[in-house]
Structures are given as C-alpha cells and as structure tokens.
Amino acid sequence: AWYPPLMAALIAGAQRITGLPLIEISSQGGLWFNVAALTMLFAAAWRLLGRWGALLCLSSFLYLLGAGLNSYAEVGLSPLIEPISFMLGPWCLALVAMRGILDEKAGAKAWLGAGLAAGICFIGHPSSAMILALTCALLVASRIVKGSGIIRTLNGLTAYAAGFLVLASIVLAPLWLAYGLEARNSGFAWIYEPIALVNVHRSLMGIHPIVLAITVLGIISALKQRGATQLVLLSAFASASILFLWSSVSSEFFLLKRALPIPKLVVPPHHFYYFLKALLCFFFAQGALALGIRIRDRLSSAQWAQPFLRQASVILQWRAGAGRVLVGITLALCFLAFGLRWAMAEDVAFNGIARGAKEPGLLNPYRHILGTTSPGEVFLCDDELAFRLIAPAGRKVVATHPLFASPYVDILPRIADRDSLLFLLRDGDTTRFQELALRYGVTRIALKVGEEEAPHAAFGMRPDYTNDTIALYRWPIQSR
C-alpha cells in the first residue's frame, strides 16, 4: 500500500484490455510499457530540441550513454516492468510543460498543467516528481531575478502547487495519516554500489570518451544559450544533481546511524542518478547539434565544400510538414528496431529476477503455490525464497528483505521473529513455534531442500510438494 499506484493501475488496465493473466503482463509486458515511455521521450525531445535533436537524443538513449549498470539505474531499453523506466516518458513530457511556464504571458493554465504533469509523475515514481518540484523552484527564482512580475509568478506557482498536491495527495495523505512519513526501515537507504559517491566517476567513465565529450559540450552550449529549453534542462540537471548528492549523503549517514546537520533525504540515490543519465541524453543531442552547426559554418566558407553543402541542404531541409514527420518517424523506427534487437539479445543478463524465472527448480513450486493457495496465505521462508518464489506468486511472507519492505515500518522485529521461527523449526520446539506462528498467521512453510532438515518428527508434517530444490509444507494453524 505504500508504493505509488500508477504502475499497478496501468498493469491492471492492460489486463482488462487484453484479458491476459496478470502474471504474464507483469513478467513479459515491460518491453511494451518501456517502448511507450521511449515514444514519449522522443516526442519531448522533438518539442525541446527539434527533429534532429530528438533523433540524437533517442540514439544516445539506446546506444551511447549506457555504462553496463542495472536497468533501474541506467538509461536504455529494458524488457522489465520497472516504474522508473516507464515514468521516464511522463517525466520528459513534464519538462516540456515546464518550458511553458517560462513564457512571460504564461497564464494559470500553463502553470496548472505543469503541476498536474508533476503530480502524475509523483503517483508513478515520487523521486521523479521531486526533481520536477525543485526544477520549478529554480525556474521561479530565475523568473523573479529576470524581473518578471512577482505577483504573477507567485499566482502561477500557487496554481502549480494546487495541481501537484491534488494528485500527490493520493499517495501522501494515507502515508501521512498512518506513519507521519517517518522512515524507519534502514533497508530503504540501500545504495547501489556502482553509483556510490566514491564510485560514480567510474560509471561515468564507462561512457565512450567521445560521447562524454559531446555531452559536456552540450552542457557548455546550454549555459551559453540559456534559452527557455536550455534553462529547463539545466535547472533539471542541477536539481537531479542536488538530490542525488543529498540522498547519497543521507543514506550513508542513515546506514551508519549518525546524525546529519541537515534534514535527511533517505531515498535510494539511484532514483536520481537514473534521471541524471536521462538528461545527459538531451545534452548529448544539444552538443551534437552545436558541433554540427560549427562544422557547417566552417565548411560554408570553403569553396570546395559548396556542392556538397547544397546537396545536403536539399536532403535535410524539408519544406512540407508531412515529409518531415514521415522521415522523422522512419528514422526513429529504424533506431528503435535496432534497439529492440539489442534489448532482446540472449547474452544480455538483466538481473536476478530474470535469471531466477528460468530456473526449473522454482517453476513447478511456483505453479503449485498458485494452484493450491490463496493470496491471503502467509509463508514462512528465508529472504531468497520470499523474493524469488513467494512474492512472484503474490502470497504473503512473515518478513522479506528490508529493501523490499515499507520504508515507514521497522522491518527488523519481523525479521528477528522470522529467524526465530526458522530456528524453532530446526530445533523442534513445537510449543514456542506454534505461539509465534499464530501471531503472524503462518499457514505455509517453504524450505530449501538440502539446507534445512525436514521438520517431520517433531511437528508431524509431510511435504505438500517437494522436488530437488524446494519443499512446501502446510501448517495446521488456520489463517486468521
């Protein structure tokens, strides 16, 4: 209930439309959701940087700016359903809405639209909306510094905040009432090692030096131009950088149980790093365009290059709008086709979920759980089985890894009780086991074969299902 609901709603909607089982959509539908996000990124880049900028941005997203990280921290096309991957599309469109508020004549509708766009991002992936909120604050400050009417700007900001809060309250209101939004689960402060502050430069160095140089050129070009588009991109980049550093330091101090002289922002840093890398795609396009203009200007003064320039002008400068759209879409689809082929290559290992789903030792127990248990059943098992077997089947567990638990509930007491239950099971202490199992409503037990002694003698149980990997037991205490 603590996780943002938009992605779950979209999956449910896809199930209603297609009639496919939810588990199939959840495990195999990610590529289609992410293609939709990629289409939104392309459309946003076209609005911000033009048709060539859009193609360059798409190219860098698919091929050039990846550094071999996991798909939840790295731009690129993924077959997995991950909210951060899909929400990149709405987030890019929200940047387009942000540009609208820089217009001197921007009315309440433009501000309200930008706020609603940020609110949609919040109910899909709050970290993306945090970047947008800080970006809005920077843009408001820039408007005031430039002499825009303070009253007009503040009225617009009020409309933005109203649109944002109406949608954000869908997530925030229940969490505030129940938990006061206080983070108590230290597992939520997890830091993805390749992008820890001491290692992040290595990830950036994983980008090809020429690509990185063009991207830096794009940032410099944006700083020089400082048009509306460039101001939005630079503000978003500064916001994502600030939040990445803040969350990295907060998470480090939180894990070390040390106090910070500033408010904590215990959000996994890779949430912000992902959008930093996405912005680099836009800056690569900006840099490549600036480089292309410089080369064109140099060649325009050379007599030997004139015939080539005239021919290139005929090819590149279409006058008919339909022609521009047709050629742009064709080139985009060509890039996308190659990107899809790369993403589905057999030698690309995405993460432990994808690898675990292919293990035959887990597939049959998974089917058995689906066919013989209900979603209300509570399983006693270790972290690995909770993550790779029970959670995919949509059943409850006594405790899971802190990373996958609510940040607002202290998971450590549940983990301690789970470990005690497993110990009592091995020790044959039926009385204490039954008391603790009753507290959590345990109805099933899942154990790895070979690692755990079968609890036959002391408990009088026989496996409901067993193979070379997993043994599943039915606990006699009924679910409450």
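The values are calculated or read from the model by the stated rules, or taken from the named source; none is laboratory data. For clarity, every value in this text was computed on a predicted model and none was experimentally measured. In this analysis, Cβ positions are derived from the backbone assuming ideal geometry, glycine residues included, and neighbour counts consider all displayed protein chains. Heads up: the accessible areas ignore ligands, DNA and RNA and are worked out on the full protein's heavy atoms, side chains in. Shrake-Rupley method; radii C 1.70, N 1.55, O 1.52, S 1.80 Å.
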Most to least packed among 59-70, 125-136, 199-210 [average Cβ atoms within 10 Å]: 125-136, 59-70, 199-210
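Report the extension gain between residue 181 and residue 193 in nm, rounded to one decimal, defined as 0.36 nm multiplied by the number of residues separating them, less their alpha carbon distance.
Gain on extension, residue 181 to residue 193, equals 1.7 nm.
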Taking segment 1-105, which GluC sites (Glu not before Pro) meet the DSSP loop condition and have no more than 15 other C-beta atoms within 10 Å? 104
Of all the accessible heavy-atom surface of the chain, with the other protein chains kept in place and a 1.4 Å probe, what percent is carbon and sulfur? 64
Projected area averaged over orientations for the chain, convex hull of C-alpha atoms, nm²: 27.8
Loop-resident sites, segment 52-137, for trypsin sites (Lys or Arg not before Pro), counting at most 13 other Cβ within 10 Å (DSSP): 105
Eligible lysines near residue 146 by straight Cα distance, threshold 30 Å, same-chain separation 8 or greater: 105, 109, 224, 277
Counting only protein heavy atoms and rolling a 1.4 Å probe, one gets per residue an accessible area for the chain in Å² of 50
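Beta carbons within 10 angstrom, averaged per residue: use that to sort the peptides 287-299, 44-56, highest first.
Working: 287-299: 14.9, 44-56: 21.2.
The peptides rank, most packed first, as 44-56, 287-299.
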Take every DSSP beta bridge with both residues inside the chain and express the antiparallel ones as a percent of the total, to the nearest 5. 60
Farthest positive-ward along the chain dipole, Cα basis, beta-carbon charges - from 370, 130, 10: 130
Using a 1.4 Å probe on heavy atoms of the protein chains only, the accessible area for residue 420 in Å², nearest 10, reads 50
